[in-house]
Amino acid sequence: MKVVENLAGIRTKIEQACDRVDRSPNDITIIGVTKYVTIDRAKETFAAGITNLGENRLEGLLEKQAELEQDVHWHFIGSLQSRKVKDIIDKVDFIHSLDRQSLAKEINKRASKQTPCFVQVNISGETSKHGLTKDEVIPFIEKLASYPHIQVVGLMTMAPFTEDEALIRNTFRELRLLRDKIMANNWQHAPCSFLSMGMSNDYMIAIEEGATHIRIGSELVGPYDN
Ligand SMILES: *Cc1c(COP(=O)(O)O)cnc(C)c1O
């Protein structure tokens with residue numbers, strides 16, 4: 001399948017999900033996750049109109065960046081080791097995986113300007129997942145006020161890997177409620193209006209629950225002949 005064909009199907013489903021909850025598709029940013037695919041497939045994704053691309057490894061990001069257009073917005077969606085921050089910081093537009101103080105400190109030190117970050121939250125509490133627990137998030141964000149190079153633009157989560165739709169929906173809903181609480185503080189360093197949630201198998205639920213950024217890999221860029 002061509003990316004444009006996959007994208008047409010995704011756009012239809014986004015519209016349907018938006019209709020159900022009275023939202024506009026214009027308020028949803030699709031991040032094309034190209035971590036599984038070749039540089040050519042990433043180029044095809046950009047040509048199909050996806051200008052936001054996500055990678056989860058430094059190597060994959062650098063390799064694709066070297067070959068793609070300047071006007072891609074790059075999202076780093078993987079867990080980030082502090083020692084790699086210096087190699088990545090000036091190359092990404094958004095970091096989706098801010099989940100600890102030591103990482104915040106390193107980003108603040110290495111960045112030459114304010115870096116838009118999503119704070120990653122582990123709503124489901126699965127020990128296999130990265131992210132802060134719900135209770136840790138607000139005190140964590142409050143402390144980031146002392147880091148001038150960090151701007152908290154939103155929260156990010158991954159739903160549990162399950163068929164249980166109610167559980168997935170509840171995860172997304174809890175992230176939204178947490179986001180609302182943070183926004184109510186009107187913290188200058190943390191406008192926190194965005195919600196990065198929803199992947200290929202759950203993005204419609206995520207949209208119904210308020211996602212502003214959906215991270216789509218397999219349904220958009222795979223499967224393909226190569
Ligand atoms: C790989 C990945 C995605 C995309 O996953 P698909 O299920 O292929 O859509 C989204 N978010 C993160 C953090 C990922 O690592």
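The values are calculated or read from the model by the stated rules, or taken from the named source; none is laboratory data. All values reported here derive from a predicted model rather than from experimental measurement. When we count neighbours, we look across all protein chains shown, and the Cβ atoms used for this are built from the backbone with ideal geometry, even at glycine.
Hey, does region 140-152 have a residue that's surrounded by fewer than 22 Cβ atoms within 10 Å (Cβ to Cβ) and free of Cβ contacts under 8 Å to residues at least 12 places away in the same chain?
yes
For CYS18, work out the one condition from (1) more than 20 Å from ALA206 (Cβ to Cβ); (2) touching a Ser or Thr at 6+ places or on another chain (Cβ under 9 Å); (3) not charged (D, E, K, R) it doesn't fulfil.
Of (1) more than 20 Å from ALA206 (Cβ to Cβ); (2) touching a Ser or Thr at 6+ places or on another chain (Cβ under 9 Å); (3) not charged (D, E, K, R), only one is false for CYS18: (1).
Which of the residues that make up region 49-89 are in a loop (DSSP other than H, G, I, E, B), of a type in the set (A, V, I, L, M, F, W, C) and within 18 Å of HIS213 (Cβ to Cβ)?
ILE50, VAL72, ILE77, LEU80
If you go through region 93-110 one residue at a time, how many are among the hydrophobic types (A, V, I, L, M, F, W, C) and out of contact with any Pro (no Cβ under 9 Å at 6 or more places or on another chain)? Even if it seems obvious, please write down each step before you answer.
Keep residues of region 93-110 that are among the hydrophobic types (A, V, I, L, M, F, W, C), which gives 94-95, 98, 103-104, 107.
If we keep only those that are out of contact with any Pro (no Cβ under 9 Å at 6 or more places or on another chain) as well, we get 98, 103-104, 107.
Qualifying residue count, region 93-110: 4.
Out of the residues in region 108-131 that are more than 16 Å from the ligand (Cβ to nearest atom), over 19 Å from ARG176 (Cβ atoms) and over 17 Å from the mean Cα position of the chain (by Cα), which is modelled with the lowest pLDDT?
THR127
Please give the number of the condition VAL137 fails out of (1) under 30 Å from LEU7 (Cβ atoms); (2) away from the ligand (no atom under 14 Å from the Cβ); (3) touching a residue at least 24 places away in the same chain (Cβ under 8 Å).
Here VAL137 clears every test but (1).
Six or more apart or on different chains, Cβ atoms under 8 Å: show the pairs whose first residue is in region 156-183 and farther than 21 Å from ASP99 by Cβ and whose second is assigned to a helix (DSSP H, G or I).
THR162/ILE168; GLU165/ILE205; ARG169/ILE205; ARG169/GLU208
Collect the residues in region 157-214 that are of a type in the set (Phe, Trp, Tyr) and either away from the ligand (no atom under 16 Å from the Cβ) or crowded, with 18+ Cβ neighbours inside 10 Å (or both), keeping them in residue-number order.
Of the residues in region 157-214, the ones of a type in the set (Phe, Trp, Tyr) are 161, 172, 187, 194, 203.
Result: PHE172, TRP187, PHE194, TYR203.
When you scan region 54-66, do you find a residue that is surrounded by 12 or more Cβ atoms within 10 Å (Cβ to Cβ), without any contact (Cβ under 8 Å) to a residue 60 or more places away in the chain, among the polar types (S, T, N, Q) and touching a Gly at 6+ places or on another chain (Cβ under 8 Å), even just one?
Of region 54-66, the ones surrounded by 12 or more Cβ atoms within 10 Å (Cβ to Cβ) are 54-58, 60-65.
Imposing the further condition that a residue be without any contact (Cβ under 8 Å) to a residue 60 or more places away in the chain reduces the set to 55-58, 60-65.
Filter again for among the polar types (S, T, N, Q), leaving 56, 65.
Next, from what is left, pick out any that are touching a Gly at 6+ places or on another chain (Cβ under 8 Å): 56.
Yes, region 54-66 has at least one match.
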